[in-house]
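Taking it in order: structure first as structure tokens, then the write-up.
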2 protein chains.
Amino acid sequence: MSATVSPLAPKTFASLPALRGVRMATASAGIKYKNRTDVLMMVFDAPAAVAGVFTKSKCPSAPVDFCRANLPHGTARAVVVNSGNANAFTGMKGRAATELTAKSAAAAIGCGENEIFLASTGVIGEPLDATKFAGVLDKMHADATGDFWFEAAKAIMTTDTYPKVATRTAEIGGVKVTINGIAKGAGMIAPDMATMLSFVVTDAAIDSSVLQSLLSAGVEPSFNSMTVDSDTSTSDTLMLFATGAAAADGQARITSADDPQLDAFRSALNDLLKDLAIQVARDGEGATKMLEITVTGAESDAAAKTIALSIANSPLVKTAAAGEDANWGRIVMAVGKAGEMADRDRLAIWFGDVRVAVNGERDPSYSEDAASAVMKKQDIPVKVDIGLGSGKATVWTCDLTKEYVAINGDYRS
Amino acid sequence: MSATVSPLAPKTFASLPALRGVRMATASAGIKYKNRTDVLMMVFDAPAAVAGVFTKSKCPSAPVDFCRANLPHGTARAVVVNSGNANAFTGMKGRAATELTAKSAAAAIGCGENEIFLASTGVIGEPLDATKFAGVLDKMHADATGDFWFEAAKAIMTTDTYPKVATRTAEIGGVKVTINGIAKGAGMIAPDMATMLSFVVTDAAIDSSVLQSLLSAGVEPSFNSMTVDSDTSTSDTLMLFATGAAAADGQARITSADDPQLDAFRSALNDLLKDLAIQVARDGEGATKMLEITVTGAESDAAAKTIALSIANSPLVKTAAAGEDANWGRIVMAVGKAGEMADRDRLAIWFGDVRVAVNGERDPSYSEDAASAVMKKQDIPVKVDIGLGSGKATVWTCDLTKEYVAINGDYRS
């Protein structure tokens with residue numbers, strides 16, 4: 001946790017209500033530091049439906065492998081998350097650590113090990129001593145409480161400067177359901193996946209296969225449209241759980257992703273995922289500016305996203321933002337290097353509402369003062385129209401500052 | 001030009017001999033600043049054979065378009081290079097500027113406009129006032145001198161902290177020929193192309209088509225294996241000229257790229273290109289460390305290069321280098337995100353001669369002190385063995401420092 005809070009942090013945090021069917025507890029297991037909360041346990045009173053999307057890294061962490069293996073089982077009784085050690089690139093020892101942790105958690109709860117899900121964040125390559133969990137999981141299971149979301153969000157922070165929380169409600173068949181989500185991540189953040197860890201829980205009664213369909217679609221315009229530094233973690237994990245407690249209010253279980261009763265829920269979920277993703281981008285290491293980059297007029301939506309990410313990941317665009325420099329030439333550069341079809345003479349670029357370039361050259365009515373005024377703001381909308389088709393995409397990123405370099409130049413030592 | 005010279009600058013500069021058939025001059029045309037050398041003219045006394053490779057940007061500069069159009073003509077009489085303005089994203093005005101510049105140069109020399117080659121470096125998007133060239137090109141042509149390579153290299157610098165020069169000799173059919181090269185570039189440097197501007201001249205007698213073949217092959221393991229910040233310029237230009245003056249010593253003109261007499265020349269040229277490319281990487285904006293990243297054991301050479309560039313472009317790897325942190329977990333991350341086949345359990349990683357990871361986990365004999373000692377050096381060799389095949393590649397990059405952010409946060413203003 002950093003000493004200074006990101007200037008882009010939310011002014012107020014959402015208040016997350018207790019959610020029927022899930023309880024949480026934290027503990028200090030001494031994984032890396034003494035006397036610091038480093039374990040979160042999320043317990044489902046009854047088997048919850050579960051869905052997950054994970055890093056596309058070819059060198060995923062042991063917990064990611066473990067979760068992927070358990071996902072087809074379709075139900076969850078607990079999630080154990082630790083900070084301080086990512087249990088990544090830890091070979092046989094890493095697998096042994098996940099097995100031991102799951103065994104301890106399953107024993108504490110009285111469930112199968114295939115109903116346990118794990119996530120770890122922290123240093124890569126250090127063996128994780130899972131025996132440290134054994135002593136704390138029993139008590140966590142006993143102490144877990146429902147009104148604990150904010151504490152849970154804080155417990156999974158590493159270089160985050162603020163906890164990320166979001167909540168939404170929706171109706172399914174006239175029954176009100178709630179969705180709560182937490183996330184962590186501030187560096188090594190890029191599609192795909194775009195966050196290190198995020199856990200979302202609803203009390204709705206929805207089948208696992210439907211949840212997976214919702215999550216796989218919902219991650220694209222949210223976490224997978226956000227980048228801090230283009231570096232994809234080995235541990236990225238986004239999971240969605242449905243406790244089904246709303247069935248007690250008469251909510252009929254949703255068994256098909258095409259069910260029209262799911263529309264409001266889908267919309268609320270997507271909104272929550274986007275909210276969490278933007279909160280992560282706003283906590284990008286060293287960030288002082290938030291860039292919302294919208295590309296229109298590309299050959300396809302996919303091309304638009306490639307171009308938008310090329311802009312969002314450009315060190316020169318990001319440093320210009322840090323310097324409050326309306327340097328649209330670097331936007332042109334980033335469009336050009338993206339590899340997608342672009343015609344210089346059709347390109348138009350806006351900072352906020354200020355059109356700075358059009359038809360292959362500087363806007364005739366370009367005003368440096370007007371563009372600079374936009375750059376001085378904390379939130380900078382950048383719009384690029386390629387002028388070729390109807391493909392569009394929006395991505396979010398932050399600026400690249402000396403503080404990012406400082407944070408990452410001495411993180412491990 | 002920066003006030004402080006890169007700590008990675010060469011201790012001494014190669015002394016480039018005058019090269020028969022080419023002369024150079026510089027001038028102050030007042031393109032952006034007053035009283036500053038901002039134009040270089042390279043004049044070939046007789047039509048020189050010419051080859052070029054250019055940026056793959058979809059938004060190339062007007063001079064790049066101009067050079068590409070002239071290249072099939074196959075001979076060059078002059079190169080005009082300016083700093084201060086890239087003449088990129090300048091639409092119709094940009095084309096008019098290249099035409100006017102070429103017309104002025106052709107008139108000064110008495111040759112066709114299709115024998116003129118142009119390059120511009122500097123700010124993107126500002127119209128270039130080519131009328132400023134008209135007044136200086138005549139005099140430059142008259143004043144041009146052969147013993148001018150170091151001055152020429154200095155004249156094309158922008159944020160470079162030192163001029164890049166290299167020279168080699170080789171024999172073709174028993175006749176000694178010389179190759180001189182200059183380059184500029186310190187930011188917005190990435191494959192492909194990896195430098196903004198580089199001009200190489202030989203007095204050998206070689207056909208244009210052969211030159212092009214040599215250059216297209218030679219650029220891959222040199223400039224296209226070097227990255228400062230992953231940002232590909234709109235203006236990247238590497239050109240190779242052959243004046244043919246060595247024919248006077250009896251060198252028979254080379255007309256086939258397969259001619260075995262070309263072997264020594266090819267080797268000398270490739271060595272010179274690599275020398276220049278590394279000089280550019282060593283002058284990366286804000287650089288304090290040079291990383292040579294070698295990937296072996298990949299599925300193919302192309303896969304090895306993709307992985308090596310993923311490592312070289314990772315902000316987290318580059319900031320760790322700046323912090324002298326032997327953070328091999330970030331190497332694992334960068335291997336994982338590259339998208340090429342990798343098996344965590346076969347991966348091995350070295351910093352210098354210190355093996356830090358093997359078989360999917362930290363090396364049992366890992367010594368933090370030994371790894372840290374490597375990181376404290378200016379030149380840091382990083383080796384990654386993927387353990388899957390025989391593909392290999394080497395790329396060069398520099399670290400990412402606060403100074404990079406500072407330089408690029410207020411470059412334009």
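Please treat every number below as a calculation from the coordinates, not as lab data. Note that this is a predicted model, so its numbers are computed, not measured. Positions of Cβ are generated from backbone atoms using ideal geometry, with glycine treated the same way; all protein chains shown enter the neighbour counts.
Observations on the model:
- Rg and Dmax of the protein assembly as shown, based on Cα coordinates, read 29.1, 97 Å.
- For the A-to-B rotation axis, chain A residue with nearest beta carbon and its distance in angstrom: A:402, 2
- In whole percents, the pair-distance distribution calculated for the range A:195-333 from its alpha-carbon pairs, binned every 10 Å from zero, is 10, 34, 29, 17, 8, 2.
- Here the calculated FRET efficiency for residue A:95 and residue A:261, from their Cβ-Cβ distance with R0 = 30 Å, stands at 0.15, rounded to the nearest 0.05.
- Based on the convex hull around the alpha carbon atoms, the range B:18-144 presents an average projected area of 7.3 nm².
- Ascending list, in nanometres, of distances separating the residue B:378 label from those of the other copies (7 Å, Cα toward Cβ): 4.3
- Mean Cα-pair separation over length for the range A:290-409, i.e. relative contact order, pairs under 8 Å, 6 or more apart, %: 46
- One Cα centroid belongs to the range B:359-406, the other to the range A:336-389; the line between them spans 39 Å.
- Within the shell defined by Cβ-Cβ distances under 10 Å, the residues around residue A:66 carry a net charge of -1, with Lys and Arg each +1 and Asp and Glu each -1.
- Cα-projected label distance for residue A:11 with residue B:18, points at 7 Å along beta-carbon direction, nm: 7.2
- Number of partner chain Cβ atoms within 10 Å, mean per residue of A:322-330: 6
- Convex hull per residue volume in Å³, alpha carbons only, for the range B:292-350: 76
- Three-way shape call for the range B:4-51 based on the alpha-carbon gyration tensor, with the a/c threshold at 1.5: oblate
- Of the beta bridges in chain B, as assigned by DSSP with both residues counted there, near 70 percent are antiparallel.
- A convex hull fitted around the alpha carbon atoms of chain B yields 134 Å³ per residue.
- Looking at the range A:290-409, the DSSP beta bridges with both ends there are about 70 percent antiparallel.
- Mean-position separation - Cα centroids, the range B:47-107 and the range A:222-258, in angstrom: 53
- Total formal charge among the other residues, if their Cβ is under 14 angstrom from that of residue B:209, Lys/Arg +1 and Asp/Glu -1: -2
- Structure-based [θ]222 nm, chain B - -39500 (n - 2.57) summed over DSSP H runs of at least 4, per residue, nearest 500: -9500 deg cm²/dmol
- Projecting 7 Å from Cα along the Cα-to-Cβ direction, the label point of residue B:258 sits 6.0 nm from its equivalents in the other copies, listed shortest first.
- Expressed as a whole percent, the proportion of Cα-Cα pairs in the range B:69-128 lying more than 12 Å apart is 64%.
- Exam field: residue A:146 pseudo-label spacings to other copies (7 Å along Cα-Cβ), nanometres: 9.1
- Mean projection of the Cα convex hull over all viewing directions, computed for the range A:290-409: 6.8 nm².
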